[in-house]
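Read through the structure below, which is laid out as structure tokens, and then see the notes.
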Amino acid sequence: MEKISPHVSYREATKSITARRKGISNHPNSKKLMNMQRIARDVFEPLREALGGRPIGIASFYRSVPLNKAIGGSANSQHCDGEAMDIDADIYDLHTNKEIFDWIKDNARFDQLIFEFGSPQEPEWVHVSQVKEGNRGEILVAFKKDGRTHYKYYNG
């Protein structure tokens, strides 16, 4: 497989320096691959088109359970099911993460949308997830307190 969607390659969606360095397999099964194709089709591609068709960086997409554990990810991370992506405008510097966050918030069907760290005006990156059925539309802000990640509801 070469493409998850027109603008997301399989390599980009599964790439991990940590996995390579530690010899961890990071290849989704067919069900997880279908989840990846759905979120790319329903969220990423419309986002890219709405923002002028220019490249938008993906910082993290699929993570196998061993890889997720190795990086200290949440035990119930939707990345492990191919249902979540971390989008980072800084990779290409053509948009802002706030533009990405706002467009997804106002236009996409999602399970969770997280304004990840950064400043009150600009997230460091944007986490978005989507499930096949029962998307919650939950919008959160991630922040560090006492060295741990905490979440609060986004209030605009």
* To do: Filter region 51-67 down to the residues that are of a type outside the set (Ser, Thr, Tyr) and buried (at least 21 other Cβ atoms within 10 Å of the Cβ), then identify the one that is farthest from the chain's Cα centre (by Cα).
  => 67
* Do we find a residue being surrounded by fewer than 14 Cβ atoms within 10 Å (Cβ to Cβ) and under 18 Å from residue 110 (Cα atoms) anywhere in region 31-40? -> yes
* Unmet criterion (only one of (1) part of a helix (DSSP H, G or I); (2) over 30 Å from residue 23 (Cα atoms)) for residue 150 -> (1)
* Could you tell me whether any residue of region 74-86 is at positive phi and surrounded by 15 or more Cβ atoms within 10 Å (Cβ to Cβ)? => yes
* Can you name the number of the only condition in (1) charged (D, E, K, R); (2) in contact with a Leu (Cβ under 8 Å, 6 or more places away or on another chain); (3) on the phi > 0 side of the Ramachandran plot that residue 93 fails? -> (2)
* Asked: If a residue has to be over 21 Å from residue 83 (Cβ atoms) and surrounded by 10 or more Cβ atoms within 10 Å (Cβ to Cβ) to count, how many in region 125-156 make the cut?
  -> 3
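Each reported figure results from applying straightforward, stated rules to the coordinates on display, with no laboratory input. Being a predicted model, the structure only gives us computed values, none of them experimental. Backbone-built Cβ (ideal geometry, glycine too); neighbour counts: all protein chains shown.
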